[in-house]
Amino acid sequence: MTNPSLFDLRIGHGFDLHRLEAGDGVTLGGVFIACPYRIVAHSDGDAAIHALCDALLGAIGRGDIGQWFPDTDPAFAGADSRKLLKAIMQAVREAGYAVVNADLTVIAQTPKLAQHKAAMVEVLAPLLGISPDRLNLKATTHEGVDAIGEKRALSAQAVVLLAPCRSI
C-alpha cells in the first residue's frame, strides 16, 4: 500500500440495537446462533451487520441504513442483512474507497458469542473485501444492567477505516 494522504482516509462509526423476544435463535454477523431468543426487526435484525453498514455509509457520507433500506418498505421484510451489506459495499467501491480494516463489538447478555466469533469473521471479511486479520470482532455483556443486561435487547458498534482504492 502506498502512503495515502491522511486527508484521503475516511473513518465511519455505526451503532445498532434490537429488542429480543422468545424464539429459537438470532443471526449475528451473518451466522445463525441457536438460543431461546429471536431478534425483533423488520429485516433479519443482524445488529452486527447493521452497525457495519452504518459505519461504511458514515465514512462515505451517504446517510444511514434506515435511509437505504427503510423499515416501512415491505421489500425489506425479513431481508438477509448480508445482501444489504453487499449493496452498501458496492456504494463504497463506487465512491472510490475500499475497507482498510474494521473493528466490531457486539454487546449481548445472550447468546454467548465466544464460540461463534471466528465464523462471523469468516462470513464478514469477504463481504468487506478484506482478509480476516483486518476484521476484529469483540463480544461483551452488559453485566445484567439495562435492557441488554436483562436479555431484552442486544446491540453492536462498528468502526471502519477506508482508503482510496488507488492506494490499496
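Below are the figures for this structure:
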read-out	value
In segment 3-59, residue nearest to ALA87 (Cα to Cα) [restricted to those that are touching an Asp or Glu at 6+ places or on another chain (Cβ under 7 Å) and of a type in the set (A, V, I, L, M, F, W, C)]	LEU57
Lone qualifier among ALA91, ALA87, ALA98 - being touching a strand residue (DSSP E or B) at 6+ places or on another chain (Cβ under 9 Å) and not aromatic (Phe, Trp, Tyr)	ALA98
Residue match in segment 136-148 (condition: modelled with pLDDT of 95 or more, of a type in the set (Asp, Glu) and part of a helix (DSSP H, G or I))	no
Residue list for segment 89-131, filter: in contact with a helix residue (DSSP H, G or I) (Cβ under 8 Å, 6 or more places away or on another chain), free of Cβ contacts under 8 Å to residues at least 40 places away in the same chain and closer than 19 Å to THR27 by Cα	GLU122, ALA125
Criterion violated by SER43 - all others in (1) crowded, with 21+ Cβ neighbours inside 10 Å; (2) under 24 Å from LEU161 (Cβ atoms) satisfied	(2)
Of residues in segment 2-40 being of a type in the set (D, E, K, R) and assigned to a loop (DSSP other than H, G, I, E, B), the one surrounded by the fewest Cβ atoms within 10 Å (Cβ to Cβ)	ASP24
Residue satisfying all of: in segment 53-76; of a type in the set (Gly, Ala, Ser) and surrounded by 11 or more Cβ atoms within 10 Å (Cβ to Cβ); farthest from ILE39 (Cα to Cα) among these	ALA59
Some residue of segment 61-81 being within 13 Å of the chain's Cα centre (by Cα) and more than 21 Å from ARG19 (Cα to Cα)	no
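Residue by residue, here is whether (1) hydrophobic (A, V, I, L, M, F, W, C); (2) in contact with a Gly (Cβ under 9 Å, 6 or more places away or on another chain); (3) touching a residue at least 24 places away in the same chain (Cβ under 8 Å) holds:
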{"residue": "LEU17", "(1), (2), (3)": "yes, no, yes"}
{"residue": "ASP24", "(1), (2), (3)": "no, no, no"}
{"residue": "HIS42", "(1), (2), (3)": "no, yes, yes"}
{"residue": "GLY63", "(1), (2), (3)": "no, no, no"}
{"residue": "PHE76", "(1), (2), (3)": "yes, no, yes"}
{"residue": "ASP80", "(1), (2), (3)": "no, yes, yes"}
{"residue": "LYS86", "(1), (2), (3)": "no, no, yes"}
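The values are calculated or read from the model by the stated rules, or taken from the named source; none is laboratory data. Keep in mind that what you see is a predicted model, and the values were worked out from it rather than measured. Backbone-built Cβ (ideal geometry, glycine too); neighbour counts: all protein chains shown.
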